[in-house]
Structures are given as C-alpha cells and as structure tokens.
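Working notes, structure below.
The values are calculated or read from the model by the stated rules, or taken from the named source; none is laboratory data. What you are looking at is a predicted structure, and each value in this text was computed from that prediction instead of being measured. Heads up, the Cβs are rebuilt from the backbone with ideal geometry, glycines too, and the neighbour counts pull from every protein chain shown.
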Protein chains: 2
Amino acid sequence: MSDPTIRDRILRAVDARFDAQLAFTQEVVRHPSLRTQEGSAQDLLHRAMEQRGLQMDRWQLDPGALAAHPGAGIIDVDYGDVDNVVGTYEPTVEAGRSLILNGHIDVVPTGPEGAWSASPWDARIDGDWLYGRGSGDMKAGLVANLFAFDALFDAGLEPTARIHIQSVVEEECTGNGSLSALQRGYTADAVLIPEPEEDMLVRANVGVIWFRVRVDGAPTHPREMHAGFNAIDAAHSVIGRLRELEEAWNAERGQHRYFEDLDHPINLNLGIVAGGDWASSVPAWCEMDLRIALYPGVTAEDAWEQIEAHLASVTTDEAGNPIRATATRNGFFAQGYVLEEGSDAEAALRASHREVFGSELETFTTPGYLDGRVFTQYGGIPSLVYGPISEAIHGYDERVSIESVRRITKSIALFIADWCGVQESSRS
Amino acid sequence: MSDPTIRDRILRAVDARFDAQLAFTQEVVRHPSLRTQEGSAQDLLHRAMEQRGLQMDRWQLDPGALAAHPGAGIIDVDYGDVDNVVGTYEPTVEAGRSLILNGHIDVVPTGPEGAWSASPWDARIDGDWLYGRGSGDMKAGLVANLFAFDALFDAGLEPTARIHIQSVVEEECTGNGSLSALQRGYTADAVLIPEPEEDMLVRANVGVIWFRVRVDGAPTHPREMHAGFNAIDAAHSVIGRLRELEEAWNAERGQHRYFEDLDHPINLNLGIVAGGDWASSVPAWCEMDLRIALYPGVTAEDAWEQIEAHLASVTTDEAGNPIRATATRNGFFAQGYVLEEGSDAEAALRASHREVFGSELETFTTPGYLDGRVFTQYGGIPSLVYGPISEAIHGYDERVSIESVRRITKSIALFIADWCGVQESSRS
C-alpha cells in the first residue's frame, strides 16, 4: 500500500466494524452447517452479501456436470439442498486485477458433543478465543472476506476490479463446491482463501483421496468361532498392510519439493469403521472409510492405481487366512498443488501482511487438503491460502484467535485495495 | 416305549404328517422373525396351537419384571411388539409327568443377503436340506415340538400329563423370553428344547455375557494426525488385551467338568464395530459389541467382575498412549449349566432315541448359550436340549437336515408318550 493515509483509513475501518464482524461470525457458527445441511447458513451469507449490494448467484450443485470433471469427488449424498452462494462486485471503473474471495461454509461433524466444554454451536467467546465447530475451519475466514471488503467502502473507497465473494460447500469431503463455482464460469486474476493457516501462506499442500475398504468375512455361530472368519479382525489386518504403502510414500518425501523437511506428510487416516450386525455372530463384513494424502505432481489416478495394486497384493492375514478386500472411492479425488514462488499476487499479499503484522509473511507446507487446488490446477489462478490462528480444527473445542482474525482481516483488506486498486468512492 | 404297537402307531403318524410338518416349517421360515420383529411368526404359531385346541396364552414381555431377575439380559430394545406364545394341553386323566416343549422363534440377522445362494427367507429345499435363516436355529425344532405332539393324537392316543408348548422370543440376545415364561409361572417335570444339536443331547454348555466396549480418542484434523489419538486403532488394541483374558479362561478348562477335552470352549467374539464420523477426522470414539462365554459354575457376576478388572488394567496401547475403555452390558448375562447325569428325563429320552436311531444317544458339551439354563438354574427343571443336524447357523445358507428333523420328531413324540404317558384317545 503506497499511500499510508489510505492504509490507515482501511485499518481503522476494520477496527471500527470488528465488533459487528465478530458478532456475525458467531451467528454463522451457530448454524450447524454439516454436510448437506448448509442451507440456513447459506441463507445467512446470501442475505449478508445481498445487503452489500452484490449481484447474487445461488445454485444447486449439479452431480452430472461434476461427475464429468476429472477433479470431482465421488458424490454419495443427495445434492438436493446443497447450494453455493456467490456475490459479485462489479466496479464502476475497471482498473485493477480481479479477485475471488473464497471460503467454505461446510463443517465436519462434532464427534460426541459431551466431550466439548460447551455446545459446538454456542459460538462462545473466552478471552482471545472464539469456540465452535467451524469457528476456525473456516467461518472466521469466510466472514473476514466479507468484512475486509466492507472496510474499503467504510474507508470511503471503492475497488476498481471485479470481485467474487464465494461461500462454497463440500470443501471437507470432495472439493465439489469450489469446482462447481469454477464450472459455472467464475474466474479471476487471483483467489484468496482464508483457511486457518496460523497467519501464514501455504506454499504447498497435499492432494487427498477418500476411499472405503470393505473386507468380507465368513459368519458363523460363536460356538464354532474358529471355523468362521472375523471380518473386523481382517479389516485391521488390511489397515496394517495399507500403512506399509503410507510409509513407502512418506519415505519418498525427499523427492518432493517443499515436502523434504516434513516428518510425516502422508497421513492415512482411518476415520470411520462399521462392521457386523450381531454380537453373537462372527461378523460377515467390515467397512472402513479412509483418507490418504498424495504429493503435488502425483495425479489422483496414479495414487489410486497404487492403492488398488497394494490392496490386491493383500491376499492373506498374518495367520495366512485368505482375505478379500475391495476398495471404492467415496469422496475426494484431488491432487495437491504448489503456489509457485514469485507471483504478483503473493508479492501483494506479502506487502499487506508486512503492513499489518510488522514482519515478513512466512510460507509453509501443509499436509492437508485445500480447495486452492481447484483454482490452481483447473483455472490457472494463483491461490493464496492464508488465514488466522486456530486450535483443534476437526477436534473438540475447536477455536480461532480473535486478534488473529482482526489482523488477517486487515491484511486481506489491504490486499484487496492493492490487488484490485481503489478509488475514492463516488457514493460518499 | 414298552408297547411296540403304540410305538409303531406313533412313528407312522409322524411319517404320515411329515409333508405337512415340512410345509409348515417352511412357512415359519418365510417370516423374518428378527429381533423385535417376531410378531407375524408368533401369529402363525398362535394360530397353529389354537387350531390344536390348546389353551392359549400370549403376552408381551415386561421389562420391569425381567429387570428384577438376576438372570435377565439387559434390554436395549422396545418390547412393545415382543410377545411369547404358549399353548397348554390339559389331560383328561392326569397320570404321567408334565412337560414343557420349548423353542425360540427369534432369528439372528442374515448379514449381506447377496452372500446367500438364495434369499434367506425363501425356505428353499435342495435334497435333504431346508435352507433359510432360522431353519436350523431353531424353527425346524420349534415346529417338530408341535408335530410330535400331533402324532400322539393322530395315533389315536392322548397324553396323560400337562404339556406346555412354548414359542419364545429373545433367545439369541438375552434369554428373556424363556425367563419371562418362567416368571409367568410355567413349570413342569422336564423341558425339551430341540435346538440344532446334531442328533445329540447337550450335557453341558457355557453361559454368555454381551457387552459393549467404548474407547475414546482425541479427534484432530489429519494434517496433524499424530497429535490426535485414533479411537478405532485403540479399540483394536483393547481387543488384543481382552483376548488375554479369553486365553486365561480357556487355560482353566481342565478345572471345569465336561470342558476338559474341548480345544477352545471360551470364545470372545467381536461381533459389531462402529466408530468415527468423518474420513478426514481422527476418530473420536469406537464402540465394539462383544460376546464372551463362561463356564457353568462361574456366575455372570464373577465373570463380569473379571472383565471389568481386566479392562481397568488396560491403561495404554502398545505405544504407551493412554487409553480409556469403558464396558457396559447390553444383552446376555447368563450362567452356563450342566445336565446332571442320571435323571429320569434323560433316561426316557435315551430310550426314545434308541428306538428311532437304533443307536445310543450321545451327549456333548457345547460352547454356545442355551435357554436350558433358565429352566435348570431358576426352575430346577431338567433341560433336554436335543435337536437336528444343521449347518451354518448364524452363517450364510443356514440349513437343516430334513431326515434328521423327521427322526428327531419321532424321538420327541416317543419321549412325550413315555414321559407324559398316553391312553387310548377318548375322541376317536
């Protein structure tokens, strides 16, 4: 930001509206926007964008169109109530570079609510922390986009480039929300996604595949238990074998730029298990839902081929009993990506970050999935994933640092002003 | 049977009605009398008994009354549609010994139906086998009771002692059906239960406890997977520890009469598993439904105390991570029993078996639960568990040998005649 007066006007505007920003973040957190239940939270976002005079677009995700895309995740839910919301700002004068401010509205399940200190939907504030499922991942960032945008107008300015504010679904399971927005034609010169990244910029991240492994058993009465074959035990044995693949992939990290120094970038997570139907029957089947990571540059197709080949090599358990395990994809089928160094977008964000934080923006590699891959890989758009400090995302007592959110909001606001350009508002 | 003429009349009567018996067995198999869904099958049994002129009694199981009984299983379903059916025959002349002919109508789940050669509810006949869930365990036996009773009347005879024909529920999960019949006041000088026992008499059998083990984890995002604690993995570790207890109990078999020569009488079956709620979250919990056996003479209370103590000793997994596992009973809480040698009831059955099979009745020890314990332990009634040859009970393509059912029916009919006594029918 070359003009310190404009900078200060914007920073003051963020501060002035920050109580309202925090209150609105709490309101969004109070909507349990679990998968396929995002509707009421999207209503809220739609109303908030509409009130700001944005051109509104809301559409239901189209499973058919998505299925035709190589980067789409497998859909095993009904998209009947699954909508994206996008508000578009069209500048009166077009001078700067266009921008997508993206965030996801969907949140992961809470686990047993009793394990939380308070309800995951309370949006309780304690000291610097705002608690709640989705507080960090990523409702604070989603709302920060909106209030950073507001700050320019509050400061008597208006951006001079097109801006799309996106509230997307399906980031936690398929990435189909951002993909559907891309398929709908939304594109720009850069995208910014304020995921909870500890005030840092993501340089590289992994792709993710979701799959279900089913292992069949041979049910019997427990009076002849050893004549049967326990599918639940066999499933555990299969996981042991899949962890060989996980370790083999981790051992290759030295060959993957930006992953060399990570301890364990490839995590195979056994997230869900279900098997058997009767305590007194040797179980006939066991199904496990798994998530595995892949390096940027490894296609999901390649990784999947390796998974299938490895599973096919599992033909017996430790005791030599034959095992039949089959794998089916049931969500993410996504490649990782690298934010190439030296982009103008990164330079602009570095400058904004320095203004607010008084220090250089750090970059890092994260072993998690990011929707940035949609824009980078399929839109050729540089993706800046950059957001606040959080704790316990996907865990109990998920929380986000309120002061971090304030600083990130300021940094985003300065970035918008720099990237899109601003002029004195004709409205004021 | 001292009178060979009467014997032959009875045996011929079983043969004469055997096609009808088989057809009715098929009809009963076609009713999927899974737990809490026994109603339509009980309607059928009620009608069949009523048509035979029995005094009918049908009642809903009373959870409150059952809960007060030390041998009751924990009830975690709604008993709203869960009824027992008993038909009582009162003799015109009371001369012999009274008898309960008991069988259970409930069946265990089928597992994936596609793994069956045909629908589990088809009651298909192929050669000597009648297929279907519950065909062996124990609808063939339940119907055999009824047709053995018929044979006496068809032979122009009538029993000279009270007979209760019982169709009970809940044998596969709690034993509360037979227990409720006992609580209702049904008692007799002997009980016969034609469970699928390979044409043999059960000398001894195990008790069974059902319980659920819950293991809690520490959910996180898989990007920081190793900071979390996977409850599904931990659950597997807990099972490993419980199998130590199973092996310790098996090692004690030499001290338990009738169990000395069994390879592995105590089976711990991991029958159901469910854990986690999201592929991309380290799972927060895992629950396992287990079934374990106990020797006769070991009370369920003692066994349960040992299970709880053993679980309490499990405080870490193999890697030293703290584990918290809790156990809750959720079904059977039943002691095993021994059919003491030398009873009059056994002598009578031995004689009947010899007449039909031309060989001595064999006895054996089974590592499975039997409702016989209800009558033996709480009613002081000798329990003859004796029934046909079956294959794959609780498995796919469960089946029962038709010719075995025919012979068992004859043997039961002769036993009734001997035990209860018969006189020439006044009706004919």
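Computed quantities for the displayed model
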| item | result |
| --- | --- |
| Among the candidates A:77, A:14, A:82, residue that is crowded, with 19+ Cβ neighbours inside 10 Å, of a type in the set (Val, Ile, Thr) and closer than 21 Å to residue A:168 by Cβ | A:82 |
| Which numbered condition residue A:359 misses (of (1) over 30 Å from residue B:368 (Cβ atoms); (2) surrounded by 23 or more Cβ atoms within 10 Å (Cβ to Cβ); (3) free of Cβ contacts under 8 Å to residues at least 40 places away in the same chain) | (2) |
| Among the candidates A:359, A:390, A:401, A:343, residue that is hydroxyl-bearing (Ser, Thr, Tyr) and within 14 Å of another protein chain (Cβ to nearest Cβ) | A:390 |
| Residues satisfying the stated conditions in region B:397-428, i.e. at pLDDT 95 or above and part of a loop (DSSP other than H, G, I, E, B) | B:397, B:398, B:421 |
| Residue list for region A:27-41, restricted to those being out of contact with any His (no Cβ under 9 Å at 6 or more places or on another chain), part of a helix (DSSP H, G or I) and buried (at least 21 other Cβ atoms within 10 Å of the Cβ) | A:28, A:29 |
| The lone exception for residue B:336 - which of (1) touching a helix residue (DSSP H, G or I) at 6+ places or on another chain (Cβ under 9 Å); (2) more than 14 Å from chain A (Cβ to nearest Cβ); (3) farther than 17 Å from residue B:137 by Cβ it fails | (2) |
| Selection count, region B:160-175, where residues are surrounded by 24 or more Cβ atoms within 10 Å (Cβ to Cβ) and either more than 26 Å from residue B:186 (Cβ to Cβ) or in contact with a helix residue (DSSP H, G or I) (Cβ under 9 Å, 6 or more places away or on another chain) (or both) | 10 |
| Qualifying position, being closer than 30 Å to residue B:352 by Cα, among the small types (Gly, Ala, Ser), in contact with a Gly (Cβ under 9 Å, 6 or more places away or on another chain) and surrounded by fewer than 23 Cβ atoms within 10 Å (Cβ to Cβ), among B:71, B:96 | B:96 |
| Residue tally, condition in a strand (DSSP E or B), out of contact with any Pro (no Cβ under 7 Å at 6 or more places or on another chain), within 30 Å of residue B:346 (Cβ to Cβ) and not small (Gly, Ala, Ser), over region B:55-100 | 8 |
| Single match in A:413, A:392, A:345, A:417 (criterion: buried (at least 19 other Cβ atoms within 10 Å of the Cβ), small (Gly, Ala, Ser) and within 30 Å of residue A:299 (Cβ to Cβ)) | A:345 |
| Residue that is farthest from the other protein chains (Cβ to nearest Cβ), among those in region B:166-220 that are of a type in the set (Gly, Ala, Ser) and under 30 Å from residue B:287 (Cα atoms) | B:180 |
| Checking residue A:376 against (1) within 16 Å of the chain's Cα centre (by Cα); (2) in contact (Cβ under 8 Å) with a residue 40 or more places away in the chain, the condition it does not meet | (2) |
| Residues of region A:347-380 classified as among the hydroxyl-bearing types (Ser, Thr, Tyr), touching a strand residue (DSSP E or B) at 6+ places or on another chain (Cβ under 7 Å) and part of a helix (DSSP H, G or I), total | 1 |
| Hits in region B:107-158 - residues which are outside any loop (DSSP other than H, G, I, E, B), within 14 Å of chain A (Cβ to nearest Cβ) and touching a residue at least 24 places away in the same chain (Cβ under 8 Å) | B:107, B:115, B:135, B:136, B:137, B:138 |
| Contacts under 7 angstrom Cβ, first residue in region B:206-225 being modelled with pLDDT under 90, partner part of a strand (DSSP E or B), 6 or more apart | B:217/B:229; B:217/B:285; B:218/B:229; B:222/A:269; B:222/A:291; B:223/A:366; B:225/A:269 |
| Qualifying residue in region B:134-147 (condition: exposed (fewer than 14 other Cβ atoms within 10 Å of the Cβ) and aliphatic (A, V, I, L, M)) | no |
| Matching entry among B:269, B:330 (being within 14 Å of another protein chain (Cβ to nearest Cβ), without any contact (Cβ under 8 Å) to a residue 40 or more places away in the chain and of a type outside the set (Lys, Arg)) | B:269 |
| Lone unmet requirement of (1) closer than 25 Å to residue A:411 by Cβ; (2) in a loop (DSSP other than H, G, I, E, B); (3) touching a Pro at 6+ places or on another chain (Cβ under 8 Å) for residue A:103 | (2) |
| Among (1) crowded, with 18+ Cβ neighbours inside 10 Å; (2) more than 26 Å from residue A:228 (Cα to Cα) - the single one residue B:366 does not satisfy | (2) |
| Residue A:331 vs. criteria touching a helix residue (DSSP H, G or I) at 6+ places or on another chain (Cβ under 8 Å) and closer than 20 Å to residue A:205 by Cα | no |
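Results for (1) touching a Gly at 6+ places or on another chain (Cβ under 6 Å); (2) facing another protein chain (nearest Cβ under 10 Å); (3) buried (at least 21 other Cβ atoms within 10 Å of the Cβ); (4) farther than 30 Å from residue B:203 by Cβ, shown as yes or no for each residue.
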site	(1), (2), (3), (4)
B:251	no, no, no, no
B:263	no, yes, no, no
B:279	yes, yes, yes, yes
B:283	yes, yes, yes, yes
B:298	no, no, no, no
B:301	no, no, no, no
B:309	no, no, no, yes
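Matching residues to (1) among the acidic types (Asp, Glu); (2) touching a His at 6+ places or on another chain (Cβ under 6 Å); (3) farther than 25 Å from residue A:87 by Cβ:
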site	(1), (2), (3)
A:159	no, no, no
A:191	no, no, no
A:202	no, no, no
A:216	yes, no, yes
A:226	no, no, yes
